[in-house]
Amino acid sequence: MEQYLIHGGNSLVGEVEIGGAKNAALPILAASIMTDETVHIDNVPDVRDTNVLMDAMGNVGIIIKKENRHRVTINAANISSTVVCDDNIKKIRASYYLIGAMLGKYKHAEVTLPGGCDIGCRAIDQHIKGFRALGAEVVLEHGMIKTRADHLTGSHIYMDVVSVGATINVMLAASMAEGKTIIENAAKEPHVVDAANFLNSMGANIKGAGTDVIRIRGVQKLHGSDYTIVPDQIEAGTFMLAAAATKGDITVRNVIPKHLESITAKLIETGCEVMESGDQVRVVCSRNLRHTHIKTLPYPGFPTDMQPQITVVLGLSEGTSIVTESIFENRFKYVDELVRMGANIKVEGNTAIIDGVKKYTGAGIAAPDLRAGAALVLAALSAEGESIVDNIRYIQRGYEDFDIKLRSLGADIKVVDRDNDYRDFKLMTG
Ligand code: UD1
């Protein structure tokens, strides 16, 4: 099992190219099956989640060709089944987008219930409520979600919670329902907008994505498209915070600065300099960091997917910071690992109370999930001495070439194999 071996203490300096957004790529890949025509998608990140989804799509006869590392061509004309029970698919949350896409196009879908990161209860009741409102029957049995409709009819749907997944999933199905659907209390994240833009590029009629109310007029047929996925807001944010954690100077390139505003605002509060120009943002951290408070919220609030990374930075900031997690109830599991590195953090319910320390010290730590894994890497990069980060397969779900990009910025990080190098490391460090 692979791990990262990190020798901390280097300030990260340089430029890094940000890839396509994983959380936009996943629904867009699923949506591409909603036409019999060929779809080209560019800027698809080469990460485990997108590859698992494409493998599962390939297993039901959908033709997927990689034109290059980030550009794929998809043709679903000869799909052989609307039942997806791939063993791997339950490992990714986004498998549920196949339900909305298949239900919209084929009026039938059976998909293994999603898994994903262990960050708390991840209900899908709002997805189900939306599908039922469109006239579908939905049952959960034998670990599968099964849905069928004679035909789908547009509806007025009020989401009880702001959910990225439910908003996109209902949007997918409603794109090919008869008549008009209104989704109220919709999620406004950039990937919701990107999924809507992609569907519109295929001939869907979706208005209002990026606001609380999305209006969809169903169409009978969607057509081929050539589309480029937006840059990954969370990958960009992670590198911005890497600059803060390591007192570095990093320019993230190929980003949409507007999508990064909540992160930029908080970095400025901690005393970093943030400079935007065109499609790049530079973060310079040359003085001691100051405390601040964070509450995760749906977009445009501070993203829950950046909560572990900002906590790592606040753990190194003077004074007491409070981080409140309001989206997922179990997203502080990584704090125990940070404490082992010398952080002074207490978790009470959905709040972390952080008393900044001057430095972390290297340790053997394990990534509990994707974003927390990335955050622990940032902690290790800033720490004195060596760290081993275990379970990096979680990180590889969502960050392409994470170690390579970090190395290009001056990080001392390499991938090692537990059976060989880890043993040597343990011998060396006692
Ligand atoms: C998506 C992202 C994930 C990100 C999250 C929040 C993907 C594949 N995943 O996850 O990386 O952390 O958005 O930005 O794009 N909820 C319900 N009922 C539902 C759906 C959600 O109660 O039917 C609740 C959840 O338990 C959670 C909150 O709503 O408390 C937000 O969930 P949601 O936005 O749906 O997150 P995901 O789509 O799972």
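So the values come out like this:
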| quantity | calculated |
| --- | --- |
| Acute angle (nearest 10 degrees) that the helix 48-59 long axis makes with the longest principal axis of the chain, alpha-carbon atoms | 30 degrees |
| Eligible aspartates and glutamates near K180 by straight Cα distance, threshold 18 Å, same-chain separation 8 or greater | D150, D212 |
| Rg/Rg_ref, segment 138-238, where Rg_ref = 2.2 N^0.38 Å and atoms are Cα | 1.13 |
| Formal net charge of residues neighbouring G342 (Cβ-Cβ distance under 15 Å; K, R +1; D, E -1) | -1 |
| Beta bridges per DSSP with both ends in the chain, % antiparallel, nearest 5 | 70 percent |
| Principal semi-axes in Å for segment 275-388 [√(5λ), Cα gyration tensor, largest first] | 20, 19, 15 |
| Dimensions (Å) - segment 1-76, Cα atoms, principal axes, largest first | 53, 30, 20 |
| ³J(HN,Hα), Karplus 6.51/-1.76/1.60, whole Hz, each residue of segment 165-170, x for Gly, Pro | x, 5, 4, 5, 4, 5 |
| Amide H contacts of E178 (H built 1.01 Å from N, under 5 Å, at least 5 apart or other chain) | L152, T153, G154 |
| Convex hull volume per residue for the chain, taking Cα atoms only, in Å³ | 128 Å³ |
| Relative contact order [Cα under 8 Å, 6+ residues apart], the chain, whole percent | 20 percent |
| Acute angle (nearest 10 degrees) that the helix 370-382 long axis makes with the longest principal axis of the chain, alpha-carbon atoms | 20 degrees |
| For the chain, calculated [θ]222 nm from helices alone, where every DSSP H run of n ≥ 4 adds -39500 (n - 2.57) | -9000 deg cm²/dmol |
| Nearest-10 value in Å² for the accessible area of K129, using the 1.4 Å probe | 70 Å² |
| Sequence-separation-based contact order of segment 22-228, relative, with Cα cut under 8 Å and 6+ spacing, percent | 21 percent |
| Percent accessible area from carbon and sulfur atoms, segment 22-228, protein chains only, probe 1.4 Å | 47 percent |
| 5 angstrom amide H check on A21, placed H, neighbours 5+ away | V230, D232 |
| Charge dipole magnitude, Cβ of K and R +1, D and E -1 - the chain, Cα centre, debye nearest 20 | 540 debye |
| Peptide ranges 229-242, 338-351 listed from the most packed, as the mean C-beta count within 10 angstrom indicates | 229-242, 338-351 |
| Rounded accessible area of Y158 (nearest 10 Å², 1.4 Å probe) | 130 Å² |
| Partners for K146 among aspartates and glutamates (Cα-Cα distance below 12 Å; same-chain residues under 8 apart left out) | E110, E137 |
| Pair-distance profile P(r), taking every C-alpha pair of segment 44-99, with 10 angstrom steps and integer % | 24, 55, 21 |
| Among I354, V164, V138 - extreme Cα towards positive end, dipole of the chain, charges at beta-carbon | V138 |
| For segment 22-228, accessible area per residue (1.4 Å probe, heavy atoms of protein chains only), Å² | 38 Å² |
| Alpha-carbon Rg with Dmax, taken over segment 22-228, Å | 15.1, 41 |
| Electrostatic dipole magnitude of segment 22-228 [Cβ: Lys, Arg +1; Asp, Glu -1; Cα centre; debye, to 20] | 180 debye |
| Projected-area average for segment 227-340 over all orientations - Cα convex hull basis, square nanometres | 7.4 nm² |
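The values are calculated or read from the model by the stated rules, or taken from the named source; none is laboratory data. Keep in mind it's a predicted model, so treat the numbers as computed, not measured. All Cβ positions, even for glycine, are placed from backbone atoms using ideal geometry, and neighbour counts span all protein chains on display. Areas reflect the complete protein model, heavy atoms only, side chains present, ligands, DNA and RNA absent. Shrake-Rupley method; radii C 1.70, N 1.55, O 1.52, S 1.80 Å.
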